[in-house]
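The values are calculated or read from the model by the stated rules, or taken from the named source; none is laboratory data. Small disclaimer: the values here were computed from a predicted structure and weren't measured. All Cβ positions, even for glycine, are placed from backbone atoms using ideal geometry, and neighbour counts span all protein chains on display.
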Amino acid sequence: MLTKRQKISISSVLLASGIYALPILDETARLGLLSAILVASYFLSVWSIYGVFSPFELVSLFVLPVILTASFGLFFTQFEVGMGTRLILTLIFIAVMYTILLSENIFNVSTERNIPLVRAARTVGYLATLFVSFAFFTLLFGLGLNSFVFAASASIIAGLLFAQGLWQIELKETDPRSLVYYSLVGGLILGEVAWALSFWPLEPPKVGLAAAAAIYVLLGILQHHIRENLSKRMVFEYAFVAAAVVFLLMITTSWGV
């Protein structure tokens, strides 16, 4: 019988193999394979850490693995990269996916009993959320979608990212209805930010940075609010980060003047 670590390793390698093969195919076949890989990323993740899941956990536990897979898949379908670079990126995907699934397994176990690794898993989950946000929104903007479609897509994905990020705070003790409410609010705000960014003459990486910074600020404020320890000083610190990112984008953007 396979252990969970072995299952996680197998799932990471299988998904990485599919992603590595994407550039070999023509455009139509790439889209079909990418769709299959995304579906497989969800079910392989469930299989890897299989346990007793609540309906909310069936979503929150597997947001990061699926969006991570989508990010790498979009990159390989948008850009032509050499075999060496493709191999390095595939190995990075395996390492990140393995780490994320290990963290999600810790969260799943922690809903039943307290384990000392949960704090480390929260840190990993937080960093992974920011990494995945930057990568995904950079690539999503690079698709050249119109403003409305980009904003709507960003709002949905951000809502899912907020749901898993907020759920990690108290795990089983958190009211799912409150999490859904806060996730919808966060997703709506991020969608509005994405809509505004779509009118700026920004390169995709800068849009990804701005979106990740917005998620950092909103997720941080919402997490402290749920913990009931949000102070004016914390709000000021997060507002300062947001202002600093906006200022950085403004001075590094070519406005065509």
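The residues on offer are L179, L202, and the sole one that is at pLDDT below 90, closer than 25 Å to G73 by Cβ and either touching a helix residue (DSSP H, G or I) at 6+ places or on another chain (Cβ under 8 Å) or not in a helix (DSSP H, G or I) (or both) is L202. Can you report the number of residues in segment 225-244 which are under 16 Å from A214 (Cβ atoms), within 23 Å of the chain's Cα centre (by Cα) and among the β-branched types (V, I, T)? Residues meeting the conditions: 1.
Quick grid of which residues meet (1) touching a Leu at 6+ places or on another chain (Cβ under 9 Å); (2) within 20 Å of V96 (Cα to Cα); (3) among the basic types (K, R):
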{"site": "Q6", "(1), (2), (3)": "no, yes, no"}
{"site": "T28", "(1), (2), (3)": "no, no, no"}
{"site": "S35", "(1), (2), (3)": "no, no, no"}
{"site": "L44", "(1), (2), (3)": "yes, yes, no"}
{"site": "S48", "(1), (2), (3)": "yes, yes, no"}
{"site": "P55", "(1), (2), (3)": "no, no, no"}
{"site": "A70", "(1), (2), (3)": "yes, yes, no"}
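Assess whether F62 counts as being more than 16 Å from the chain's Cα centre (by Cα), under 23 Å from I10 (Cα atoms) and among the aromatic types (F, W, Y). So F62 does not fit the description; no.
Against the test of being modelled with pLDDT under 85 and assigned to a helix (DSSP H, G or I), the options T28, T77, T85 yield a single qualifying residue, T28. Within the set of pairs 6 or more residues apart or between chains, which connect a residue that is farther than 15 Å from S183 by Cβ and assigned by TED's automatic domain parsing to the domain that holds D175 inside segment 212-237 to a residue that is surrounded by 14 or more Cβ atoms within 10 Å (Cβ to Cβ) and among the hydroxyl-bearing types (S, T, Y) with Cβ atoms less than 7 Å apart? Sorted first by the residue in segment 212-237, then by its partner, the pairs are A212/S133; V217/Y238. Listed by first and then second residue, the pairs linking a residue in segment 55-68 that is among the aromatic types (F, W, Y) to a residue that is crowded, with 19+ Cβ neighbours inside 10 Å, with Cβ atoms under 6 Å apart and 6 or more places separating them unless they lie on different chains, are F62/S45. The residue that is surrounded by the fewest Cβ atoms within 10 Å (Cβ to Cβ), among those in segment 195-232 that are among the small types (G, A, S) and over 16 Å from L130 (Cβ atoms), is S231. Note on segment 39-62: residues that are part of a loop (DSSP other than H, G, I, E, B) and surrounded by 12 or more Cβ atoms within 10 Å (Cβ to Cβ) total 8.
The residues on offer are E57, E104, and the sole one that is touching a Pro at 6+ places or on another chain (Cβ under 8 Å) and under 30 Å from D175 (Cα atoms) is E104.
Return yes or no: is A152 touching a residue at least 12 places away in the same chain (Cβ under 8 Å), in contact with a Ser or Thr (Cβ under 7 Å, 6 or more places away or on another chain) and of a type outside the set (S, T, N, Q)? When the stated conditions are applied, A152 does not pass them.
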